[in-house]
Amino acid sequence: MRAEATNISHHIQPLEDLLFSIPNIKRVLHCDIQPQNLLVGKNLHVKLSDFQGRCLSDTGEEVIDGYSGEPLRFFCPRDDTCDPNCKTDVFALGCTIYFIMMGHAVYPDIIDGEEGWEDEVYERFAKGQFPEDEHACAEITSKCWRQEYESVEDLVRDLAAISVTDS
């Protein structure tokens, strides 16, 4: 189910619900944002579940570490794979938004389980070879992947602009 630019309201509302379900992003790192951790409730409102990442203090120090990490197709390449931050969660949000808009995960040409598939996905992300599919949130997903958002709040502003345009 791919969202058409002419009628995206039914896709935007769940995305807004998803973004607003992230509690105080400055103090919580989910570390496992992906479609399988979305709950769809009454009136198709979406909530993020399975919080097991990290809890941070007001000063940004780690208080609780749930030792969780993103699955490969939602993983932001970085030097220390055990060092998530707000931008790694936003990267995974970009992959999740892409999934919602396109109806499949990134790089559908790479088949899970085939020899070398993990290396191929990681390498494309690491080289900045991101999907270029056209959809209503393409600029948002691209900004997530290029780590141009400082916070989820910035992403919400861009999403709200699309929502207003669609009205």
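The values are calculated or read from the model by the stated rules, or taken from the named source; none is laboratory data. Computed from a prediction, not measured in an experiment: that's the story for all the values here. Cβ: placed from backbone, ideal geometry, glycine included. Neighbour counts: every protein chain shown.
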Only one of E70, E115, E150, E61 is modelled with pLDDT of 95 or more and out of contact with any Gly (no Cβ under 8 Å at 6 or more places or on another chain). Can you tell me which?
E115
Qualifying residue in the stretch 130-142 (condition: farther than 21 Å from L29 by Cα, surrounded by 15 or more Cβ atoms within 10 Å (Cβ to Cβ), charged (D, E, K, R) and at pLDDT 90 or above)
no
Filter result (in a helix (DSSP H, G or I) and closer than 20 Å to T96 by Cβ) within the stretch 108-124
W117, E118, V121, Y122, R124
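State yes or no: is D80 outside any helix (DSSP H, G or I) and either modelled with pLDDT of 70 or more or of a type in the set (A, V, I, L, M, F, W, C) (or both)?
Details: outside any helix (DSSP H, G or I): yes; either modelled with pLDDT of 70 or more or of a type in the set (A, V, I, L, M, F, W, C) (or both): yes.
So D80 fits the description; yes.
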